[in-house]
Amino acid sequence: MTESLDPRLTPARPDVADLRLRGRVTAERFVAATRRRVIAPVAPLRQAPSPEAGLDTEALLGDAVDLYAEQDGFAFVQLVRDGYVGYLPAACLGPADPEPTHRVTALRTFLYPEPDLKRPVRGHLSLGARLVVTGEAGAYLETPGGYVFANHCAPLAQQEPDYAATAERLVGTPYLWGGRTSLGLDCSGLVQLCLDAAGLPCPRDADMQERGLGQALPLALEGLRRGDFVFWRGHVGLMLDPETLIHANGHHMAVAVEPLAGAVARIRENSFGAVTGIRRL
């Protein structure tokens, strides 16, 4: 018999499941996870093992994952950061060790083959990517994958406590369903990325955030303050002040700032309906 569990957070499918789920789900075999780490600048986590499958979220360089199975170039995994389950390209995964020491603090930066800005880059890194720094070379940090400009990075212990300020830096970032990098974000991806920069754990999807972030406030739009979260069905925004909202949204197709009252009126008229929750950390 299979227990009713959230499939987004349950590493189980008919042929294989997490060993810890034995007795709770039905599967042909149960296995212990193998810890791996993302070695690509960004890795798409999809609903099915196909490049055409929908994008659920994205894992960044240095993110830890638990691996359960590999087949046809895809890995069935669970992200350690937020528990999300899906399929990553297997080539994006490498050994779990060593653990990252630094993170990218610039909105985006480049990975170079040598400590030389004139060299062709190997790829771009997003805000929040984790790095294993093995040395220094002038103005650059050396990592196993190449060199990164040092002023674009910081030790993991150095955090950004004003997560609303991080969100403001991302204004204009294009909207991307499932996106959680500085090249493209959805509403809950924006919230998660900003809280991660502050060193705060955060679920991935808006409904999870509405249940799990901080404390619930009365369902009233007065008395809000910077850093409060406002939720609709399937949507979330972050308050910059008592009257101003920032959110990644499909209306602007970008991270945008607007009066909360205007957003509430517009969203009420579409399928998201009325505000469903307000929470404060």
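The values are calculated or read from the model by the stated rules, or taken from the named source; none is laboratory data. Quick caveat, the model's predicted, so the values are computed rather than measured. Methodologically, a virtual Cβ is constructed for each residue, glycine included, from the backbone with ideal geometry; neighbour enumeration extends over all protein chains shown.
For L281, are the conditions met, namely being out of contact with any Phe, Trp or Tyr (no Cβ under 9 Å at 6 or more places or on another chain) and at pLDDT 95 or above?
Working: out of contact with any Phe, Trp or Tyr (no Cβ under 9 Å at 6 or more places or on another chain): no; at pLDDT 95 or above: yes.
Against the criterion (out of contact with any Phe, Trp or Tyr (no Cβ under 9 Å at 6 or more places or on another chain) and at pLDDT 95 or above), L281 does not qualify.
Before we move on, is D241 surrounded by 14 or more Cβ atoms within 10 Å (Cβ to Cβ) and either outside the structural domain of S182 (by TED's automatic domain parsing) or of a type outside the set (S, T, N, Q) (or both)? Break it down into steps so the answer makes sense when it comes.
Details: surrounded by 14 or more Cβ atoms within 10 Å (Cβ to Cβ): no; either outside the structural domain of S182 (by TED's automatic domain parsing) or of a type outside the set (S, T, N, Q) (or both): yes.
No: the conditions fail for D241.
Six or more apart or on different chains, Cβ atoms under 7 Å: show the pairs whose first residue is in segment 28-53 and closer than 15 Å to F74 by Cβ and whose second is surrounded by 17 or more Cβ atoms within 10 Å (Cβ to Cβ) and of a type in the set (K, R).
A53/R46
Exactly one condition in (1) over 16 Å from D82 (Cα atoms); (2) among the hydrophobic types (A, V, I, L, M, F, W, C); (3) touching a helix residue (DSSP H, G or I) at 6+ places or on another chain (Cβ under 7 Å) is false for A43; which is it?
Here A43 meets the rest and fails (1).
Give the residue, chosen from V255, V236, V171, V191, that is modelled with pLDDT of 95 or more and surrounded by fewer than 23 Cβ atoms within 10 Å (Cβ to Cβ). First the steps, then the outcome.
Numbers: V255 fails: surrounded by fewer than 23 Cβ atoms within 10 Å (Cβ to Cβ); V236 fails: surrounded by fewer than 23 Cβ atoms within 10 Å (Cβ to Cβ); V191 fails: surrounded by fewer than 23 Cβ atoms within 10 Å (Cβ to Cβ).
After ruling out the rest, the residue left standing is V171.
Looking at (1) in contact with a Lys or Arg (Cβ under 6 Å, 6 or more places away or on another chain); (2) buried (at least 20 other Cβ atoms within 10 Å of the Cβ), can you tell me which one R36 breaks?
Evaluating R36 over (1) in contact with a Lys or Arg (Cβ under 6 Å, 6 or more places away or on another chain); (2) buried (at least 20 other Cβ atoms within 10 Å of the Cβ) leaves (1) as the failure.
Looking at L61, is it closer than 21 Å to S188 by Cα, touching a Pro at 6+ places or on another chain (Cβ under 9 Å) and either outside the structural domain of L190 (by TED's automatic domain parsing) or aromatic (F, W, Y) (or both)?
Working: closer than 21 Å to S188 by Cα: yes; touching a Pro at 6+ places or on another chain (Cβ under 9 Å): yes; either outside the structural domain of L190 (by TED's automatic domain parsing) or aromatic (F, W, Y) (or both): yes.
For L61, the condition - closer than 21 Å to S188 by Cα, touching a Pro at 6+ places or on another chain (Cβ under 9 Å) and either outside the structural domain of L190 (by TED's automatic domain parsing) or aromatic (F, W, Y) (or both) - is met.
Every residue in segment 121-160 that is outside any strand (DSSP E or B) and hydrophobic (A, V, I, L, M, F, W, C), please.
Residues of segment 121-160 that are outside any strand (DSSP E or B), as a first pass: 121-122, 127-129, 132-134, 138-139, 144-145, 150-152, 156-160.
Within segment 121-160, V121, L127, A129, V132, V133, A139, A150, L156, A157 qualify.
Can you pull out every residue in segment 208-226 that is surrounded by fewer than 19 Cβ atoms within 10 Å (Cβ to Cβ) and within 25 Å of T57 (Cβ to Cβ)? Talk me through it step by step, then tell me what you get.
Taking segment 208-226 as the starting set, the residues that turn out to be surrounded by fewer than 19 Cβ atoms within 10 Å (Cβ to Cβ) are 211-212, 214-223, 225-226.
Passing the criteria: R211, G212, G214, A216.
In this structure, is Y84 in contact (Cβ under 8 Å) with a residue 12 or more places away in the chain, crowded, with 18+ Cβ neighbours inside 10 Å, over 15 Å from A197 (Cβ atoms) and under 19 Å from the mean Cα position of the chain (by Cα)? Spell out the reasoning first.
Working: in contact (Cβ under 8 Å) with a residue 12 or more places away in the chain: yes; crowded, with 18+ Cβ neighbours inside 10 Å: yes; over 15 Å from A197 (Cβ atoms): yes; under 19 Å from the mean Cα position of the chain (by Cα): yes.
The answer is yes for Y84.
Name, by its number, the condition in (1) buried (at least 19 other Cβ atoms within 10 Å of the Cβ); (2) free of Cβ contacts under 8 Å to residues at least 60 places away in the same chain that does not hold for A197.
Against the list (1) buried (at least 19 other Cβ atoms within 10 Å of the Cβ); (2) free of Cβ contacts under 8 Å to residues at least 60 places away in the same chain, A197 comes up short only on (2).
Only one residue in A164, A154, A106, A90 is out of contact with any Cys (no Cβ under 7 Å at 6 or more places or on another chain), hydrophobic (A, V, I, L, M, F, W, C), surrounded by 15 or more Cβ atoms within 10 Å (Cβ to Cβ) and under 15 Å from V38 (Cβ atoms), so which one is that? Reasoning before the result, please.
Numbers: A164 fails: under 15 Å from V38 (Cβ atoms); A154 fails: under 15 Å from V38 (Cβ atoms); A106 fails: under 15 Å from V38 (Cβ atoms).
Selected residue: A90, the only one of A164, A154, A106, A90 that is out of contact with any Cys (no Cβ under 7 Å at 6 or more places or on another chain), hydrophobic (A, V, I, L, M, F, W, C), surrounded by 15 or more Cβ atoms within 10 Å (Cβ to Cβ) and under 15 Å from V38 (Cβ atoms).
Would you kindly identify the helices (runs of 4 or more DSSP H) lying entirely within segment 170-277 that contain at least 3 residues that are under 27 Å from C153 (Cβ atoms) and not hydroxyl-bearing (S, T, Y)?
Values: elements: 187-197, 206-212, 260-269.
It comes to 187-197.
Being under 19 Å from the mean Cα position of the chain (by Cα) and of a type in the set (G, A, S) is the filter; apply it to segment 196-231 and report the residue that is modelled with the lowest pLDDT.
Restricting to residues being under 19 Å from the mean Cα position of the chain (by Cα) and of a type in the set (G, A, S), the top hit is G212.
Give the residue that is surrounded by the most Cβ atoms within 10 Å (Cβ to Cβ), with candidates limited to residues of segment 109-139 that are within 24 Å of R180 (Cα to Cα) and of a type in the set (G, A, S).
If we filter segment 109-139 for residues that are within 24 Å of R180 (Cα to Cα), which is where we start, we get 109-112, 121-133.
Still in the running and of a type in the set (G, A, S): 123, 126, 128-129.
Numbers: G123: 13, S126: 23, G128: 23, A129: 28.
Filtering first and then ranking leaves A129.
Hey, can you tell me all the residues within segment 5-32 that are β-branched (V, I, T) and closer than 19 Å to E70 by Cα? Give the derivation first.
Within segment 5-32, the subset β-branched (V, I, T) is 10, 16, 25-26, 31.
Result: T10, V16, V31.
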